[in-house]
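The values are calculated or read from the model by the stated rules, or taken from the named source; none is laboratory data. Everything quoted here is computed from the prediction, not taken from an experiment. As a convention, Cβ positions derive from the backbone with ideal geometry for all residues, glycine included, and neighbour counts pool all protein chains shown.
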Amino acid sequence: MAEKLPNIVETLRAEQPEVWARYVDLEAALAKAGPLDPPTQRLVKLALALGARLEGAVHSHARRALHEGLTREELLHVALLGVTTLGWPQATAGRAWILDVVDKDPPAQR
């Protein structure tokens with residue numbers, strides 16, 4: 001992964017390179033296991049992070065989505081879709097977490 005990971009994860013990766021390699025292999029195998037294209041997979045992962053209330057994962061998937069060419073509007077639509085499933089409080093929290101990233105990243109990456 002090109003993205004800088006949290007220090008605790010970077011430490012694990014350095015201390016357990018074989019475990020990390022298997023994790024990366026698993027991620028690749030899961031991506032190939034079904035019919036969803038990569039942009040859709042990223043939006044699903046963002047939605048899962050929102051539903052699980054994982055702020056750091058929302059930030060990570062939003063950042064990765066922007067770098068993979070998804071738009072600000074697509075990411076914010078994921079949070080909006082959460083209103084009827086997660087409720088207003090969680091959907092708006094998710095929107096705020098997405099905005100933390102999209103308002104911070106340079107416009108050239110949107």
> Among the numbered criteria (1) modelled with pLDDT under 95; (2) touching a His at 6+ places or on another chain (Cβ under 7 Å), which single criterion is violated by Glu3?
Replying inline: (2)
>> Quick check on segment 52-59. Is at least one of its residues in contact (Cβ under 8 Å) with a residue 12 or more places away in the chain, among the basic types (Lys, Arg) and under 15 Å from Val102 (Cβ atoms)?
In response: no
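Residue under question is Glu18, and the condition is that it be on the phi < 0 side of the Ramachandran plot and surrounded by fewer than 13 Cβ atoms within 10 Å (Cβ to Cβ); does it hold? If you could, list the steps in order and put the result at the bottom.
Numbers: on the phi < 0 side of the Ramachandran plot: yes; surrounded by fewer than 13 Cβ atoms within 10 Å (Cβ to Cβ): yes.
Answer is yes for this residue.
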>> Looking at Leu80, Leu30, Leu48 in this structure, which one is under 24 Å from Asn7 (Cα atoms) and exposed (fewer than 15 other Cβ atoms within 10 Å of the Cβ)?
In response: Leu48
